[in-house]
1. Given the conditions (1) exposed (fewer than 14 other Cβ atoms within 10 Å of the Cβ); (2) in contact with a helix residue (DSSP H, G or I) (Cβ under 9 Å, 6 or more places away or on another chain); (3) not charged (D, E, K, R), report the number of the one that Ala192 does not fulfil.
2. Out of (1) farther than 19 Å from Tyr103 by Cβ; (2) over 35 Å from the mean Cα position of the chain (by Cα); (3) at pLDDT 90 or above, the odd one out for Gly135 is which?
3. Would you mind stating whether Ala58 is modelled with pLDDT under 60, exposed (fewer than 15 other Cβ atoms within 10 Å of the Cβ) and farther than 30 Å from Phe182 by Cα?
4. Out of the residues in segment 103-126 that are out of contact with any Ser or Thr (no Cβ under 9 Å at 6 or more places or on another chain) and among the aromatic types (Phe, Trp, Tyr), state the one that is farthest from Ala215 (Cα to Cα).
Amino acid sequence: MADRRYPTADQIAIPLADESSPDQEFAVGWAVQHNRLFVLLLCSLGLNVLLGGWGLVAANRYAPAIQYVTLDGGQVLVYKEGTPTVNGVTINKARLRRVINEYLTSRFAYDYQNLGKLNDVQALLSPEAAIKERGRLTQAFVQNSIIAPQVKVRLELDMDNMGVSAKPDGEFEIKVTGTTYFSDAVKYPDPATPRVEQRVFLLRVKAGTPTNQNADGYFITVLPDEILQTSN
């Protein structure tokens, strides 16, 4: 009689050598899913780090499309995409500075040997200001005050600190400081020791239609007042 104390191989359901049990298959499946979830977690963390870094860079580079700044004249200066505008008038600071610098150096840096530049300033003036300027630069003034004494004036302007304040009717008041070095054939004949004066120029400018002689399109409407600050 056979011994029945132990179950047979069929009763135990021992898998063959090349087969896996249900428990083994479950363990393998769980390990695969776990590895996939771990990889997805790492990818998610990496993506969040990249997005966070991009957000910080974008925040540092961000500038509002429109900014409002109140100028000294009480006018509101609007910056739209980097272009300042007052009362609907766009300000190109580089062009404005160029016109102011050209006018002041041509008008007040006298040279009795080069008087042609005095005529060049007419193109930078409004019609009304041009009439007033011609009234100042009379033939008698040029002859007696520049040519006869052989006047030479070198003018150094501090354009980096040019002041701009908005005024009514789209005009801008400009304030520029400078230093003049004056020499002539009478009192200061030695160019190495000229008379030195610190000056402040106040004038007004308005944007207009560019011309061949004034491509920048800014025209001086009020001629400058020269305010003597100090004298050496």
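The values are calculated or read from the model by the stated rules, or taken from the named source; none is laboratory data. Just so we're clear, the structure is a prediction, and the values are computed from it rather than from any experiment. No Cβ is skipped: glycine too gets one built from the backbone with ideal geometry, and neighbour counts run over all protein chains shown.
1. Checking Ala192 against (1) exposed (fewer than 14 other Cβ atoms within 10 Å of the Cβ); (2) in contact with a helix residue (DSSP H, G or I) (Cβ under 9 Å, 6 or more places away or on another chain); (3) not charged (D, E, K, R), the one that fails is (2).
2. Failed condition: (1).
3. No, not satisfied.
4. Tyr112
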